[in-house]
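First the structure, in the form of structure tokens, and then the observations on it.
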Amino acid sequence: MKKFFTLITGRTKKQAHGLHKGIGSPDYIAATSYVEICPDDIASLGIIEGQKVKLLSEAGSVELAVHSADIPIGLLFIPMGPAANQLVGPETFGTGMPSFKGMQIKVSPL
Amino acid sequence: MSRIIEDVICKFCGCLCDDIAVETEDDHIVKIKRACPNGRSMFLDYDSSFSKPLVNGREVEWDEAITAAADILDKADSPLIYGLSSTSSESQRKAVELADHLGAVIDSTSSVCHFPTSQALQAVGEATCTLGEVKNRADLLIYWGCNPLVSHIRHFSRYSANAKGMLLPNGRKDRTVVVVDVRPTATSKVADIFLQIKPETDYEILSSLRALVHGKKPEYCIDGVNIEQLEQLAAMLKNCRYGVIFFGMGLTMSTGRSYNVTELFTLVAELNKFNRFSAMPMRGHGNVAGADQVLTWLSGYPTAVSFACGIPQIGPGEFTSVDMLAGKEIDAAFIIASNPAVHFPHAAASHLKKIPTIHMAPVSNGFTGDADVILPTACYGIDAPGTSYRMDNVPLRLRSVLKKKRPTDEEVLIQIIKAVKKC
């Protein structure tokens, strides 16, 4: 059975800078189109930094390049934006707020 | 001709830094002093040139665009007005007037950032303060589920950790900084104490801190932290002179949502039995706090307000944009100064492509690609003056540093209201 990771989305400096360049700009797309994974999880997945992986949630899937980062085991970080939002479901549990933090994700090497 | 304008307000984020120097040459911004990288980009990348509105991809005169927008809104049974966080409070006021006339739902970007904070505020109240008090008095600063060194880059230097204040003349040396987060961040790296917690444990930790502050030791364990760490933090909370907890979407977007913030507000209120303590949400967009203020003046509620029944009604999960779009309950959308196409979950954003959409924003922000009517307006704080609320709810007057070549959001909204009333 595949391990589930917990997805956290959030702001980065490059994502904010890309917004000023425009949502269709190469800067914005590059700034929002990768996933951060810790080195231990990269090793356990049998992948290398820069390799693309398929991320799957109950809401959808997306393929992104892996960046190694200092985050806890079992956590994924994707800058807020259209790539991350392929994985975030619309369920708000009656609050109006989707689960931009806390979605359960499966990761498969490509 | 070149000129330097001092003390300009940057409206990129909720800090509203008001010490920016803008140098212009022949009505173009050529140099920015003192702004953070985000603010610098906002000014330097802005294109103030005249551009015409578009209807179905075709350039038209403003009269035709206003008529097309009014026609879409008038024909809709369930229109949504969304955004508002990067426009002026004067425009926000007109947007509420339009929603009231149409019987529309009006929702700001608070819906997907600090709406849970507003719900907590309505439940238990909020002990808060201004950023001036933080700068001059706060000796304990806690940043919970937020990363200001990335999202609010000058917050530390102007208002909080590094600022030299009246009672804290040595700035950072006089203050203790604690970060609570699920991952190491730029902010946690400069903290005196970093409490790294597991995702989804904020509520339990806040509850435990409340118990410890009242002298009761929890008899359970929380995954990822030990009781000694919480005892140390509880002692700091009780023994500081003036504490402030800044919090972000680590609380509002995680499991618990408003319950997390309710527990935080309750903790902060209880700490005022021992010392002075405040809480403050880290508001993202430059006037998202203003959107909450204006909607509350006019409807009694901060966001997710429906005028469909002729009276304002609030509905978290019912009149919130993501729920309404994902449930296909909206048949026309008017997007003002925001971009839900990239910031909403795919299932909600994709519905925008299927319904008539009007998008109004300064051109440099980027438009929703499939909008039927595109209204390129001036940018408040660059080529239009207007009112904006700082994250501590202090209203500030934004100045104009360039000549205006496009109408403002407020001017366009006034015209749309007139046109809708004629329909």
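Which condition breaks for residue B:41 when tested against (1) of a type in the set (Gly, Ala, Ser); (2) within 18 Å of residue B:382 (Cβ to Cβ); (3) touching a residue at least 40 places away in the same chain (Cβ under 8 Å)?
The failed condition is (3).
Any chance you could count how many residues in the stretch B:262-312 are among the hydroxyl-bearing types (Ser, Thr, Tyr) and within 14 Å of chain A (Cβ to nearest Cβ)?
4
Starting from the stretch B:262-273, take each residue that is touching a residue at least 24 places away in the same chain (Cβ under 8 Å) and list its partners that are basic (Lys, Arg), counting only C-beta distances under 9 angstrom and pairs at least six apart or across chains.
Correct list of pairs: B:263/B:210; B:266/B:210; B:267/B:210; B:270/B:210; B:271/B:238.
Any idea which of (1) touching a strand residue (DSSP E or B) at 6+ places or on another chain (Cβ under 6 Å); (2) surrounded by fewer than 17 Cβ atoms within 10 Å (Cβ to Cβ); (3) not aliphatic (A, V, I, L, M) is the one residue B:201 doesn't satisfy?
The one condition residue B:201 does not meet is (2).
Taking the stretch A:81-92, which residues are within 7 Å of chain B (Cβ to nearest Cβ) and of a type outside the set (Val, Ile, Thr)?
Across the stretch A:81-92, the qualifying residues are A:81, A:82, A:85, A:86, A:89, A:90.
Within the stretch B:111-127, which residues are assigned to a loop (DSSP other than H, G, I, E, B) and of a type outside the set (A, V, I, L, M, F, W, C)?
If the condition is that a residue be assigned to a loop (DSSP other than H, G, I, E, B) and of a type outside the set (A, V, I, L, M, F, W, C), then B:114, B:125, B:126 are the ones that fit.
Show me the helices (runs of 4 or more DSSP H) entirely contained within the stretch B:132-245 in which 3 or more residues are in contact with a helix residue (DSSP H, G or I) (Cβ under 8 Å, 6 or more places away or on another chain) and of a type in the set (A, V, I, L, M).
Hits in the stretch B:132-245: B:202-213, B:227-239.
Considering only the stretch A:93-104, state which residues are more than 9 Å from chain B (Cβ to nearest Cβ) and surrounded by fewer than 22 Cβ atoms within 10 Å (Cβ to Cβ).
A:104
State the number of residues belonging to the stretch B:29-82 that are within 14 Å of another protein chain (Cβ to nearest Cβ) and either acidic (Asp, Glu) or not in a loop (DSSP other than H, G, I, E, B) (or both).
The total comes to 14.
Within the set of pairs 6+ apart or on separate chains, which have a first residue in the stretch B:391-413 that is closer than 22 Å to residue B:28 by Cβ and in contact (Cβ under 8 Å) with a residue 12 or more places away in the chain, a second that is in a loop (DSSP other than H, G, I, E, B) and of a type in the set (Val, Ile, Thr), and C-beta atoms under 8 Å apart?
Cβ pairs passing all conditions: B:398/B:9; B:399/B:9; B:400/B:382; B:401/B:382; B:402/B:382.
Evaluate the stretch A:48-56: report whether one residue or more is more than 23 Å from residue A:89 (Cα to Cα) and surrounded by 18 or more Cβ atoms within 10 Å (Cβ to Cβ).
Within the stretch A:48-56 (the criterion being more than 23 Å from residue A:89 (Cα to Cα) and surrounded by 18 or more Cβ atoms within 10 Å (Cβ to Cβ)), the answer is no, since none of the residues qualifies.
What residue, of A:7, A:64, A:19, A:55, is in contact (Cβ under 8 Å) with a residue 60 or more places away in the chain and aliphatic (A, V, I, L, M)?
After applying the criteria, what remains is A:7.
State all residues of the stretch B:313-337 that are surrounded by fewer than 24 Cβ atoms within 10 Å (Cβ to Cβ) and either of a type in the set (D, E, K, R) or in contact with a strand residue (DSSP E or B) (Cβ under 9 Å, 6 or more places away or on another chain) (or both); if no residue qualifies, say none.
Hits for the stretch B:313-337 are B:313, B:314, B:315, B:318, B:328, B:329, B:331, B:332.
Given B:112, B:179, B:150, B:134, which one is aliphatic (A, V, I, L, M), surrounded by fewer than 20 Cβ atoms within 10 Å (Cβ to Cβ) and touching a residue at least 12 places away in the same chain (Cβ under 8 Å)?
Residue meeting the stated conditions: B:150.
Quick one: would you say residue B:381 is surrounded by fewer than 24 Cβ atoms within 10 Å (Cβ to Cβ) and in the same structural domain as residue B:110 (by TED's automatic domain parsing)?
Considered against the rule, which asks whether it is surrounded by fewer than 24 Cβ atoms within 10 Å (Cβ to Cβ) and in the same structural domain as residue B:110 (by TED's automatic domain parsing), residue B:381 comes out as no.
In the stretch B:314-338, which residues are free of Cβ contacts under 8 Å to residues at least 60 places away in the same chain, part of a loop (DSSP other than H, G, I, E, B) and either over 27 Å from residue B:68 (Cβ atoms) or within 7 Å of another protein chain (Cβ to nearest Cβ) (or both)?
B:315, B:317, B:318
Would you call residue B:86 buried (at least 20 other Cβ atoms within 10 Å of the Cβ) and part of a loop (DSSP other than H, G, I, E, B)?
Judged against the criteria, residue B:86 is a match.
If residue A:19 satisfies all but one of (1) more than 9 Å from every other protein chain (Cβ to nearest Cβ); (2) touching a Phe, Trp or Tyr at 6+ places or on another chain (Cβ under 9 Å); (3) buried (at least 19 other Cβ atoms within 10 Å of the Cβ), what's the number of the condition it fails?
Against the list (1) more than 9 Å from every other protein chain (Cβ to nearest Cβ); (2) touching a Phe, Trp or Tyr at 6+ places or on another chain (Cβ under 9 Å); (3) buried (at least 19 other Cβ atoms within 10 Å of the Cβ), residue A:19 comes up short only on (1).
Residues that are more than 14 Å from chain A (Cβ to nearest Cβ) and farther than 28 Å from residue B:16 by Cα: find the strands (runs of 3 or more DSSP E) completely inside the stretch B:342-423 holding 1 or more of those.
Passing ranges, in order: B:357-362, B:373-377.
Considering the stretch B:241-252 alone, what residues qualify as being within 14 Å of another protein chain (Cβ to nearest Cβ) and in contact with a Ser or Thr (Cβ under 7 Å, 6 or more places away or on another chain)?
Listed by number, the list holds a single entry, B:252.
The values are calculated or read from the model by the stated rules, or taken from the named source; none is laboratory data. All figures in this text were calculated on a predicted structure; none of them were measured in a lab. Cβ coordinates were reconstructed from backbone atoms using ideal geometry, including for glycine residues, and neighbour counts include every protein chain displayed.
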